[in-house]
Amino acid sequence: MADKPMKIPGTDHPISIEANPSRVVVEVGGKIIADTSNALTLREASYPAVQYIPRRDVDMAALVRSEYTT
């Protein structure tokens, strides 16, 4: 698989990170995996916004490490 070219932030590829003023709750199969008021929202160009949640607000025991990276 070929590597994707790295995008550089700029006027043609804007990137912003800001505090999310809302509470973010992640629920899977009826179990709450994360609950925070400290999420950060990453916006990159036309991609959908992504929430970054502090580990301290995540039930890390409910997660399984994978080989996938980004």
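The values are calculated or read from the model by the stated rules, or taken from the named source; none is laboratory data. For clarity, every value in this text was computed on a predicted model and none was experimentally measured. Note that each Cβ is placed from the backbone with ideal geometry, even for glycine, and that neighbours are counted across all protein chains shown. Areas reflect the complete protein model, heavy atoms only, side chains present, ligands, DNA and RNA absent. Shrake-Rupley method; radii C 1.70, N 1.55, O 1.52, S 1.80 Å.
Numbers below:
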| quantity | calculated |
| --- | --- |
| Cα-centred dipole magnitude for the chain, charges only on beta-carbon of K, R (+1) and D, E (-1), debye, nearest 20 | 80 debye |
| Gain in span if fully extended, Lys31 to Thr69, counting 0.36 nm per residue against the direct Cα distance | 11.2 nm |
| Cα extents of the chain along the three principal axes, largest first (Å) | 39, 35, 19 |
| Accessible-area order (highest first, 1.4 angstrom probe) of the listed residues Ile8, Ile15, Ile33 | Ile8, Ile15, Ile33 |
| Per residue accessible area of the chain, 1.4 Å probe, in Å² | 89 Å² |
| Rounded to the nearest 10 Å², the accessible area of Tyr52 at probe 1.4 Å | 130 Å² |
| Length released on extending from Lys7 to Asn38, taking residue separation times 0.36 nm less the Cα-Cα span | 8.5 nm |
| HN-Hα J in Hz across the range 47-61 - Karplus 6.51, -1.76, 1.60, θ = phi - 60°, x for Gly and Pro | 6, x, 4, 10, 9, 10, 10, x, 4, 4, 9, 10, 7, 4, 5 |
| Under-5 Å amide H pairs with Asp35, H placed in peptide plane, nonlocal only | Val26 |
